[in-house]
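See below for the structure under consideration.
Values quoted throughout were computed directly from the atomic coordinates according to the rules given, and no laboratory measurement underlies them. Everything quoted here is computed from the prediction, not taken from an experiment. Positions of Cβ are backbone-derived with ideal geometry, glycine not excepted, and every protein chain shown enters the neighbour counts.
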Amino acid sequence: MTTNEDEVIDFKPFFDLVVGILFILLILVASQLFFSRWKDAPSPQDAAAQAREQRRVATLADIDSFLDGLSGALDKAGFTPALDRVGRRIIIPAGQVLKAQAGAGARLGNTLLAQLHCVDGSTGPARAACAGKGVARIAAVKARLQLPGEPGAATPAPAARVTGLTLSASLFSAAPDLLAVTAPGGAPAVSPDIAVTALPTSAQPAPAGDFTMEFTFADTDTN
């Protein structure tokens, strides 16, 4: 039987075509990977913005950690704190901090000082007790005592102002190191002056009053 050479199929052009197509596909995939990586690489401005955002998120977490820790410590100390995360305030019923016979001012001062050791950059044994806690720096701590005012009066009665001075003396005499807590610039962070304001008494029943501590944090860029 004789083989007809005209019927022999030459596969070489077909293989060359397949190799060519595969080569083109490899080039397309490689270029796609290259441009994808180039596109995903952030610019120096974007990288700096991402770093700022990461610091902002970490600082917010530190602030929440501090406020949660202080609120929990006050609860253990016998107070009933209400936490305002947005305003970064802790509110306690005024009657609870004015119980001189129970040493409320001293308990309040010592509890606050123990927590502030974790945010004022302190070192030593006090700082060692803060392991694992956030280190957002305190810029200012302002306290306000709101008491019922006299009917029709826009300012607190003299007795209310004396009450505020008495509370301040009790708080800072028990925890004088509160006055040594500093803001990053070196200025005192905790003011010994407790602002006393009057609550309106037209409503029935008359409000009982409250004690508020408001915290400002430094180096946050969180607004």
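Applying 1/(1 + (r/R0)^6) with R0 = 41 Å to the Cβ-Cβ distance of ASP46 and ALA180 gives a FRET efficiency near 0.45. Label zone of ARG56 (point 7 Å out along Cα→Cβ, amide N under 19 Å): in segment 88-117 this covers 88.
Placing R0 at 45 angstrom, the Cβ-Cβ distance between ASP16 and VAL86 gives a FRET efficiency of 0.05 after rounding to 0.05.
Electrostatic tally near ASP75: other residues with Cβ closer than 14 Å to its Cβ, Lys and Arg +1, Asp and Glu -1, net +1. In this rough spin-label picture, where each label sits 7 Å from Cα along the Cβ direction, the LYS76-ARG144 distance is 3.0 nm.
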